[in-house]
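Please read the structure below before turning to the comments.
The values are calculated or read from the model by the stated rules, or taken from the named source; none is laboratory data. Just so it is clear, the model here is predicted, and its values are computed rather than measured. Virtual Cβ from ideal backbone geometry, glycine too; neighbours counted across all protein chains shown. Remember, those area values only see protein heavy atoms, side chains included, never the ligands or the DNA or RNA. Shrake-Rupley method; radii C 1.70, N 1.55, O 1.52, S 1.80 Å.
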Amino acid sequence: MDSLSSKRALVTGASGGIGSATARLLAARGAQVFLTGRNIAKLNSLKEELGGQAQAYPCDLSDAEERTSLAKTILAEHESLDILVNNAGQAQDGLALNMKASAWREVLEVNLTGVFHLTQQFLRPMLKQRCGRIVMVGSVVGFTGNKGQTNYATSKAGLVGLVKSLAQELASRSITVNCVAPGFVATAMTENLSEQVKQRVLEQIPLGRYATSEDIAHAVLYFASSESAYTTGQTLHVNGGLAMV
């Protein structure tokens, strides 16, 4: 895969498993990586690990003002952005019958509205430079649905429409927009599941294991590279065969 040595990349949710793995891969390919998330300690630790190739920008992406401020700061310091990885996400699970309005609103705000808003901030400079890579991290449940996750599944399904629409609007300027849809990933979130639930899930995955964060990050890296230059508006399913969409 080609070098990303002249590229500037922003990874949201960089303090989490998939985000940090993605940041490491992009940096390993030579990109200058901008890390954002809410866990300042983890961001700073990753920044130190990556050395001069990384900068940390703590931000709560549920806050519209913070999103705008993040984009303005990055553009003021670096003028433009080559790669945007919208990885940050939130889940507040519960059956639809009992779901609070706040749980619906907050998940949609981070996972869909916030993604659109942050992406919008970087469109003009990408259009001006006539190139760019925008990668969304969705979910298998955006295609299959999932009991107890109406808010989360809806937000991830919405990303698919966003990807397809943006891809059509931006293609003439050589900006690609794609989505990676993970299945179950071995992260701190899945570690909290009971052993019974973990076993039941594993029995549904033909490859017989959870994805690692690196499995997902490699798919993101493909969409971030020039090797995916003729691919836009697409979703790559990385779920071990759980859903053969």
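Give me the dipole magnitude in Debye, nearest 20, for the chain about the Cα centre, with unit charges on the beta carbon: positive for Lys and Arg, negative for Asp and Glu.
Values: 22 positive and 20 negative charges, 82 e Å.
The dipole magnitude comes to about 400 debye.
What is the gain in length, in nm to one decimal, between Ser226 and His117 on full extension, counting 0.36 nm per residue of separation less the C-alpha to C-alpha distance?
On the way: separation 109, 0.36 × 109 = 39.24 nm, distance 2.51 nm.
Additional length available on full extension: 36.7 nm.
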### Peptide ranges 157-167, 59-69, 6-16 listed from the most packed, as the mean C-beta count within 10 angstrom indicates
6-16, 157-167, 59-69
### Listed candidates (1) 122; (2) 159; (3) 136 - label of the one calculated as volume of the Cα convex hull per residue in Å³
(1)
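Pairs of Cα atoms under 8 Å, at least six residues apart: use those to get the relative contact order of the chain, whole percent. Don't jump to the answer; show the numbers that get you there.
Values: 476 pairs, mean separation 47.8, N = 245.
Relative contact order comes out at 20 percent.
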### Farthest toward positive dipole pole in the chain [+1 Lys/Arg, -1 Asp/Glu at C-beta], among Val177, Ile18, Met99
Val177
### Query
What length, rounded to one decimal in nm, is gained on full extension from Glu203 through to Gln168, with 0.36 nm per residue of separation minus their alpha-carbon distance?
8.8 nm
### Message
Just the number please: accessible area per residue for the chain, 1.4 Å probe, all protein chains included, in Å².
### Response
48 Å²
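Could you give the dipole magnitude of the stretch 116-225 about its Cα centre, charging the beta-carbon of Lys and Arg +1 and that of Asp and Glu -1, in debye to the nearest 20?
Details: 11 positive and 6 negative charges, 104 e Å.
Result for the stretch 116-225 is approximately 500 debye, rounded to the nearest 20.
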### Task
Have a look at Ala103, Ala219, Ala71 and tell me which one the Gaussian network model of the chain (Cα, springs below 10 Å) gives the largest fluctuation.
Ala103
### Query
Heavy-atom accessible area of His237 with all protein chains present, probe 1.4 Å, nearest 10 Å²?
50 Å²
### Task
State the percentage of accessible surface on the chain attributable to carbon and sulfur atoms; use a 1.4 Å probe and exclude ligands, DNA and RNA.
51 percent
### Query
Assuming R0 = 25 Å, what is the FRET efficiency of Asp93 and Arg38, from their Cβ-Cβ distance, to the nearest 0.05?
0.85
### Summary
Amide H proximity to Ala54 below 5 Å, modelled H, separation 5+ or other chain, gives Val33
